[in-house]
Amino acid sequence: MAATNLGLGLHSGHLAQVFAQYPIEVAHGEGVWLHARDGRKILDFYGGHAVAGLGYGHPRWLAALERQARQMAFQTNALQMAIRERAAARLAKFVGLGLETVFWLNSGAEANENALKLAFKLTGRSNAVALEQGFHGRTAAAGAVTWGALEKWYGFPRTPFAVRFTPRNNPNAVEQCIDRDTAAVIVEPVQGVGGAYDVGKPMLNALRRRCDEVGAILIFDEVQCGMGRTGAPFGANFYGVAPDMITAAKALGNGFPVSALLLSRRIASQLKVDDMGTTFGGGPMACAVAEAVIDTIEAESLLANVRQVSAYIRASCIIGPITGVQGEGFLLGLKTSRPAKEVQAALLDKNILTGTSADPNILRLLPAYILNEGHVDILSQALAKISA
Ligand SMILES: Cc1ncc(COP(=O)(O)O)c(C=O)c1O
């Protein structure tokens with residue numbers, strides 16, 4: 001993506017110019033609100049790219065971070081720590097579905113990289129299958145299974161393994177694409193970058209069935225759609241389809257970098273010492289934060305809130321330039337009658353921040369789980385004033 005400097009007057013010349021940026025300098029945040037340095041108060045439907053599940057400055061999150069920082073800010077995996085074990089148990093219980101073993105990492109791409117590596121190592125096979133329009137991260141393996149990466153930004157001279165892409169909405173194409181050479185199939189149950197696109201139960205069931213037939217490992221990349229965003233703990237729970245591995249990140253730490261690779265019993269039973277490794281993964285602050293995020297989602301009934309307010313968005317936001325809604329929970333794509341970027345800019349003029357996606361006619365909403373119907377009213381009233 002070409003770097004754009006939008007004239008904020010902040011450009012020091014020392015940051016890599018690789019990000020297109022919105023014309024906001026954030027000074028601080030509170031709940032679902034961003035406070036800009038120029039005094040604007042902006043309603044945030046983007047959540048720092050799906051990270052701020054609890055919103056900004058949540059007291060439970062802050063307390064966990066402070067408590068753990070004072071007690072022990074970092075310790076290597078070579079030494080045991082109760083918080084690491086406790087957070088893993090908490091996450092495994094939150095997911096259920098027999099995915100009981102956790103390997104802690106730092107980012108979404110890193111979790112996917114390890115998931116894929118493990119699948120190749122355990123199966124001894126040669127290729128992976130991914131879905132068209134999927135996004136899995138910017139590292140060598142994660143980028144290899146990302147749709148369009150090779151043409152746009154991949155950079156490496158070759159991918160580490162062969163990849164086949166299958167259409168995201170055709171369960172009948174699955175059989176031909178996945179065979180006994182397939183080590184892993186990686187899929188986002190609800191695609192994020194692909195446009196808040198609900199891959200859906202028939203497709204996920206077809207992938208599960210075919211992986212079982214040929215002995216391939218099914219990986220759900222829930223970096224964006226997991227951790228409560230669908231209104232269920234994970235997309236796997238939402239659809240009732242159990243993969244062999246799940247990757248989680250983003251809202252897992254609510255802004256503190258943490259990711260996790262969850263493994264089924266069958267996969268975990270084959271692990272040996274040194275199969276994977278990390279310095280920062282499983283750091284106590286990351287684990288304390290992940291535990292606090294899950295505790296908060298449950299204590300404040302945030303899954304129910306996501307479901308209720310998501311339904312309200314569907315009911316009230318098909319207005320102005322919006323012609324329909326896709327996606328699930330708080331990973332929603334508002335279909336736009338004109339380019340989504342224009343609608344996004346018009347909303348930002350009204351102090352509402354939204355996202356776009358790879359689909360030029362989808363405005364992507366990734367708000368915090370604490371969003372309420374009053375916030376949605378502000379969005380729908382703003383949309384009503386934007387021409388179709
Ligand atoms: C579904 C999905 N997978 C993986 C990633 C990569 O995560 P990270 O940027 O933390 O490496 C993203 C990031 O947007 C994502 O949406």
With no solvent and one point per C-alpha, what does the Debye sum give as log10 I(q)/I(0) for the stretch 258-352 at q = 0.13, 0.18 Å⁻¹? -0.77, -0.95
Which three extents, in whole angstrom, do the alpha-carbon atoms of the stretch 340-388 cover along their principal axes, largest first? 27, 23, 15
Fraction of alpha-carbon pairs in the stretch 189-235 farther than 14 Å apart, rounded to whole percent, equals 53 percent
Choose one of Ala115, Cys317, Ile294: the residue whose Cα lies farthest towards the positive end of the charge dipole of the chain (beta-carbon charges +1 Lys, Arg; -1 Asp, Glu; about the Cα centre). Ala115
Based on alpha-carbon atoms only, what is the radius of gyration of the stretch 300-388 relative to the globular estimate 2.2 N^0.38 Å? 0.99
Can you give the longest run of the chain that contains no chymotrypsin sites (Phe, Trp or Tyr not before Pro) sitting in a DSSP loop with at most 15 other Cβ atoms inside 10 Å? 154-388
With only Lys, Arg, Asp and Glu charged, each at its Cβ (+1 for the first two, -1 for the last two), find how big the charge dipole of the stretch 178-289 is about the Cα centre; round to the nearest 20 debye. 260 debye
Per the helix-only model, the chain has a calculated mean residue ellipticity at 222 nm (DSSP H runs of ≥4, -39500 (n - 2.57) each, divided over all residues, rounded to the nearest 500) of -10000 deg cm²/dmol
Select from Val241, Val223, Val187 the residue whose mean-square fluctuation is largest in a Gaussian network model of the chain (Cα-Cα springs shorter than 10 Å). Val241
Cα shape, the stretch 102-251, gyration tensor, a/c 1.5 rule: rounded
Hand me the trypsin sites (Lys or Arg not before Pro) from the stretch 26-101 located in a DSSP loop with no more than 12 other Cβ atoms within 10 Å, in residue order please. Arg37
Based on the alpha-carbon gyration tensor of the stretch 250-299 and its eigenvalue square roots a ≥ b ≥ c, which shape applies: rounded if a/c is under 1.5, prolate if not and a/b is larger than b/c, or oblate? oblate
Which trypsin sites (Lys or Arg not before Pro) from the stretch 269-334 combine a DSSP loop assignment with at most 16 other Cβ atoms within 10 Å? Lys272
Per residue, the convex hull enclosing the Cα atoms of the stretch 141-204 spans a volume in Å³ of 94 Å³
With +1 at each Lys and Arg Cβ and -1 at each Asp and Glu Cβ, the charge dipole magnitude of the chain around its Cα centre, to the nearest 20 debye, comes out at 140 debye
Flagged as over-length at 24 Å C-alpha distance, from Lys93/Lys121; Lys121/Lys152; Lys152/Lys341, the pairs are Lys93/Lys121; Lys121/Lys152
Pairwise over distinct Cα atoms, reciprocal of the mean inverse distance: report the Kirkwood radius of the stretch 201-333 in Å, one decimal place. 16.7 Å
For the stretch 321-362, which semi-axes, largest first and in whole Å, follow from the square roots of 5 times the eigenvalues of its Cα gyration tensor? 16, 12, 9
Placing one equal point scatterer on each C-alpha of the stretch 22-135 and summing with Debye, one gets log10 I(q)/I(0) at q = 0.21 Å⁻¹ equal to -1.27
Separation of the stretch 54-100 and the stretch 173-188 by C-alpha centroid, Å? 34 Å
Distance histogram in 10 Å bins (all Cα pairs of the chain, percent per bin): 5, 23, 32, 27, 11, 1
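None of the figures in this text is laboratory data; all of them are computed from the coordinates on show. Every value quoted in this text rests on a predicted model; they were computed, and no experiment measured them. No Cβ is skipped: glycine too gets one built from the backbone with ideal geometry, and neighbour counts run over all protein chains shown.
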